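The values are calculated or read from the model by the stated rules, or taken from the named source; none is laboratory data. Computed from a prediction, not measured in an experiment: that's the story for all the values here. Please note: Cβ atoms are built from the backbone with ideal geometry, for glycine as well, and neighbour counts cover all protein chains shown. What goes into the accessible areas is simple: the full protein's heavy atoms, side chains included, and nothing from ligands, DNA or RNA. Shrake-Rupley method; radii C 1.70, N 1.55, O 1.52, S 1.80 Å.
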Amino acid sequence: MSAQTVKIVVTGPFNSGKTEFIRSVSEIDVVSTERKITAEAEKVKSTTTVALDFGRITVDDDLMLYLFGTPGQKRFDFMWEILSEGMLGFIVMVDSNRPETFREARSILETFRAYAPTPYVVAANKQDMPDAWDLEDMRVALRLEPKIKLLPCTATNRDTVKAVLLELLYSILEEMEPQHD
Amino acid sequence: MALQGNLRDFTIIQLLNLVHLARKTGLLVIETPEETAQLGFLDGRLTFARLGQEDDGLCTVLYRRHKLTTSQYRQMQSRQTTMGDMELGLILINSDILTMEEIINAVQEMYVEVVRRLFTLIEGFFKFDAEAGLPEYRIPVSIELENLIIEGSRQIQEKEFLQEEIPSLDMALKFSDRQGMDIQKVNLSVEEWKVVSYVNPQNTIKQIAKATKMRDMEIRRIVYSLIQAGLVELIRPTGALPGTVKPMPVQDHDEQRSLVNRLIDRIRSI
Ligand SMILES: Nc1nc2c(ncn2[C@@H]2O[C@H](COP(=O)(O)OP(=O)(O)O)[C@@H](O)[C@H]2O)c(=O)[nH]1
Ligand SMILES: [Mg+2]
């Protein structure tokens with residue numbers, strides 16, 4: 001029997017640090033592809049290029065974790081089929097220094113949230129930079145409810161990347177507990 | 001750390017929303033090539049506003065709002081240079097020229113006017129300074145931001161902006177359970193009230209639009225204003241889900257838990 005595979009999707013605006021994040025923990029060189037996706041209905045006219053990153057962590061002989069980086073918004077329907085199967089949860093990366101991207105981040109987040117009933121966490125990336133916004137301000141700007149985890153992250157620092165992945169996994173475990181109201 | 005940026009990317013309404021929901025205290029400075037504006041906040045309420053170098057001494061403010069006659073104005077103005085607004089205000093009250101309420105209302109109206117003018121700015125550098133103090137001689141007022149936020153949101157015209165802000169009409173709405181959020185104290189239009197009356201985790205925005213016969217733009221704008229004012233929040237509808245996800249390769253509960261625990265152990269060991 002071949003190994004089981006599960007996915008964690010890393011999404012967020014362009015330049016937020018998705019590729020860097022996956023690179024920090026992947027055991028293979030991150031494969032970044034520019035995929036040409038053609039809409040069935042408009043095959044003749046338009047192809048849209050979507051940048052996908054792909055990383056891997058072998059858990060044991062029977063289990064493999066794939067990390068997918070995706071910009072998450074353009075041509076979402078097509079991406080969705082690739083991403084949703086076996087997706088345990090997702091991480092939304094946000095560049096803490098660039099409030100001009102918060103709107104898009106929120107839009108991506110809400111699109112994902114509308115589709116996926118899976119747990120997610122938000123990573124406030126590039127916290128190492130001097131102009132980084134405070135988490136408390138980002139929480140409001142991104143409209144995150146108190147129960148959604150917003151985690152400080154520096155994608156170039158493996159420890160913070162690990163912490164973000166672990167927090168997502170803890171959320172996934174919690175979701176599995178029988179629900180108490 | 002910094003709370004700064006450009007209004008192009010983070011609008012006045014979003015800044016007011018941030019101050020309001022995070023109950024911030026401090027001074028927001030906005031700079032455009034033409035002028036500089038300052039807004040002061042205490043615990044998420046507006047306490048001060050100033051545009052450029054405009055004369056906003058109390059006497060001038062009252063005179064412009066026809067609360068003082070020309071002769072009263074002249075008389076008081078000579079004192080304005082040496083006295084603070086508080087002192088001037090007390091003199092006006094003690095000499096039965098104006099009541100405290102009239103003075104406070106006039107000052108509040110002036111501040112609101114400044115914020116209204118800022119709504120039209122589409123560009124400008126902003127910086128929020130949590131350390132900066134406010135001038136002490138000012139008349140202390142405290143203006144709730146909800147109404148200003150809703151008023152400002154009504155003016156939004158760009159379709160693209162609203163589409164990005166409310167990307168999916170398949171989401172539902174629920175009333176915010178934040179403390180102090182009270183829909184009763186907000187001035188809503190008839191159309192806005194209609195939407196409010198359908199707020200319920202079971203109704204998607206699309207369904208609300210249909211029930212209220214609203215167009216896409218209209219419903220998005222209203223939902224946006226209610227969200228920004230902190231009155232409602234977006235949630236996944238409790239009904240059917242638009243997407244299907246099969247997250248786990250195994251169905252058994254214990255197996256699923258064991259799978260996640262193996263992942264956790266592995267990540268810890270990296
Ligand atoms: N200082 C700093 N730079 C980062 C961090 N994460 C990513 N970057 C840099 O930001 C740029 C964009 O990152 P990338 O991973 O390519 O973003 P993507 O478009 O989301 O895949 C690159 O130059 C990264 O090296 C971080 O946490 N701190
Ligand atoms: Mg990338």
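Give the stretch B:48-70 a look and list any residue that's among the hydroxyl-bearing types (Ser, Thr, Tyr) and open to solvent by 20 Å² or more (accessible area, probe 1.4 Å), or say none.
So the first thing to find is which residues in the stretch B:48-70 are among the hydroxyl-bearing types (Ser, Thr, Tyr), and the list is B:60, B:63, B:69-70.
Residues satisfying the conditions are B:Tyr63, B:Thr69, B:Thr70.
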Query raised in the report: Counting only residues that are modelled with pLDDT under 90 and either within 14 Å of ligand 2 (Cβ to nearest atom) or among the hydroxyl-bearing types (Ser, Thr, Tyr) (or both), how many does the stretch A:80-105 have?
Result: 1
Query raised in the report: Hey, among the residues in the stretch A:62-78 that are more than 16 Å from A:Thr19 (Cβ to Cβ) and more than 11 Å from chain B (Cβ to nearest Cβ), which one's modelled with the highest pLDDT?
Result: A:Phe78
Query raised in the report: Does at least one position in the stretch A:125-141 carry a residue that is open to solvent by less than 20 Å² (accessible area, probe 1.4 Å) and either touching a residue at least 60 places away in the same chain (Cβ under 8 Å) or within 16 Å of ligand 2 (Cβ to nearest atom) (or both)?
Result: yes
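Quick one: how many residues across the stretch A:84-107 are facing chain B (nearest Cβ under 9 Å), open to solvent by less than 20 Å² (accessible area, probe 1.4 Å) and under 16 Å from A:Ile8 (Cα atoms)?
5
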Report summary line: Flagged in the stretch A:108-117 as under 17 Å from A:Ser171 (Cα atoms) and open to solvent by less than 10 Å² (accessible area, probe 1.4 Å), in numbering order, are A:Leu109, A:Phe112, A:Ala116
**Report entry** Restricting the stretch A:149-181 to residues that are open to solvent by less than 50 Å² (accessible area, probe 1.4 Å) and either more than 11 Å from chain B (Cβ to nearest Cβ) or part of a strand (DSSP E or B) (or both), the residue that is nearest to ligand 2 (Cβ to nearest atom)
**Finding:** A:Ala155
Report task. Show the residue pairs that are 6+ apart or on different chains and have beta-carbon atoms under 8 Å apart, the first residue being within the stretch A:13-33 and within 13 Å of chain B (Cβ to nearest Cβ) and touching a residue at least 24 places away in the same chain (Cβ under 8 Å), the second being open to solvent by 70 Å² or more (accessible area, probe 1.4 Å) and within 6 Å of ligand 1 (Cβ to nearest atom). Result -> A:Ser24/A:Thr156
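Do any helices (runs of 4 or more DSSP H) lying entirely in the stretch B:186-241 carry at least 2 residues that are in the same structural domain as B:Met171 (by TED's automatic domain parsing) and in contact (Cβ under 8 Å) with a residue 60 or more places away in the chain, and which ones are they?
Qualifying helices (runs of 4 or more DSSP H): B:216-228.
Within the stretch B:4-102, which helices (runs of 4 or more DSSP H) (wholly inside it) include 2 or more residues that are under 30 Å from A:Leu144 (Cα atoms), out of contact with any His (no Cβ under 6 Å at 6 or more places or on another chain) and within 14 Å of another protein chain (Cβ to nearest Cβ)?
B:12-21
Mind listing just one residue for me: the one in the stretch B:142-179 that is among the small types (Gly, Ala, Ser) and either open to solvent by 50 Å² or more (accessible area, probe 1.4 Å) or within 14 Å of chain A (Cβ to nearest Cβ) (or both) and, of those, nearest to B:Val19 (Cα to Cα)?
The first filter runs over the stretch B:142-179 and keeps only residues among the small types (Gly, Ala, Ser), leaving B:142, B:152-153, B:168, B:172, B:176.
Still in the list and also either open to solvent by 50 Å² or more (accessible area, probe 1.4 Å) or within 14 Å of chain A (Cβ to nearest Cβ) (or both): B:142, B:168, B:172, B:176.
Details: B:Ser142: 13, B:Ser168: 26, B:Ala172: 25, B:Ser176: 16 Å.
The residue in question is B:Ser142.
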